[in-house]
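Q: Okay, here's the structure, questions in a sec.
Taken together, the values in this text are just the output of simple stated rules run on the coordinates, not laboratory data. As the structure is a computational prediction, the values presented were derived from the model and not from experiment. Note that each Cβ is placed from the backbone with ideal geometry, even for glycine, and that neighbours are counted across all protein chains shown.
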Amino acid sequence: MKPSRQSVQVWDPIVRLTHWGVAALVLWDLYEDSGGPLHRNLGYAAACLVLVRIAWGMVGSGAGNFREWLPRGSAVVAYVKAAVAGHPPRYLGHNPLGALMMLVLWILILALAATGWMSRLDMFWGEDWPKDLHGVLAYLLLALVGVHVAAAILMSRLHKENLILSMVTGKKPAAPDQGKGSAGDDKSTGPSGPPVITDSPPASPGRRP
Ligand code: HEM
Ligand code: HEM
């Protein structure tokens, strides 16, 4: 008989609310791209939510805190190697490559607010580059959001869990079904363990390898 997968609370309400708030505002802003007052307010609101989330990453506790998931170069390289070899480890928090993507998404949103603001300043009157840069950053963001959503679906399938639902409920399965040598293989720290990594090489509690 398969052991049932207990769930563990990973994402707190601030992480979830800022995520879906930013996602909704950005998607709306990409659609309503007139540059008018609604567009500008949606963009500033998205940037404010990103700043709230960044502040929470510094002072909050749990898996949303940057101590738990800020990616290190070596961890990203190791993760990419494992993914290329077909067995990316499962993480309870963000995996290192996903975490890198999240930082890039936040930076792009803040850069969009900055270039949008700059494009309307008297200082840049008659200059096209702030507007052009704004457009390029916007389409880069759109492309990366596509990759981000595709990766969330792909990793959900690979590890037999629903990452999107987890971003809604905040809960993740504590220990996935063990597959023999499959991509889903991991050695869970168990439901009472810290919401960090559930894979080999074993990590000391609360730390990344
Ligand atoms: C999440 C944030 C934002 C996103 C995703 C975004 C996205 C876009 C996109 C897709 C366009 C059309 C670009 C084109 O057709 O080449 C655009 C245009 C524009 N955006 Fe934003 N934007 C954001 C924030 C802002 C902010 C905060 C401001 C200003 C305060 C702003 C001001 C403008 C202006 C003035 C235009 C029109 C540029 C033109 O006349 O060609 N945007 N934006
Ligand atoms: C403009 C749209 C979006 C942006 C800018 C965005 C950005 C982000 C960011 C920054 C995080 C990290 C959350 C945190 O730690 O606070 C994240 C996580 C996540 N996002 Fe999005 N997101 C967007 C849309 C979506 C959509 C449409 C989906 C799914 C349908 C999605 C699924 C997820 C999932 C599953 C996670 C958690 C990944 C994990 O478990 O490591 N996102 N996203």
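Q: Contour minus end-to-end for V59 and W117, with contour as 0.36 nm per residue of separation and end-to-end as the Cα-Cα distance? Could you put the intermediate results ahead of the total?
A: Working: separation 58, 0.36 × 58 = 20.88 nm, distance 2.85 nm.
Gain in length upon complete extension: 18.0 nm.
Q: Take every Cα pair under 8 Å in segment 1-95 that's 6+ residues apart, average their separations, divide by the length, and report that relative contact order as a whole percent.
A: Reported relative contact order: 26 percent.
Q: Residues with amide H under 5 Å of V8's amide H, sequence separation 5 or more or different chain, H placed in the peptide plane at 1.01 Å from N; which?
A: So V8 has HN proximity to K172, A174.
Q: Mind checking the full-extension length gain between I164 and V77? Use 0.36 nm per residue of separation minus the Cα-Cα distance, one decimal, nm.
A: 28.8 nm
Q: What is the gain in length, in nm to one decimal, between L38 and I107 on full extension, counting 0.36 nm per residue of separation less the C-alpha to C-alpha distance?
A: 22.7 nm
Q: Something else now. Using only alpha carbon pairs under 8 Å that are at least six residues apart, calculate the relative contact order of segment 10-173 and give it in whole percent.
A: Numbers: 146 pairs, mean separation 39.8, N = 164.
Once divided by the residue count of segment 10-173, the mean separation gives 24 percent.
Q: Then there's this: When a footprinting reagent is the concern and you count Cβ atoms within 10 Å, what order do W106, W129, W69 take, fewest first?
A: W129, W106, W69
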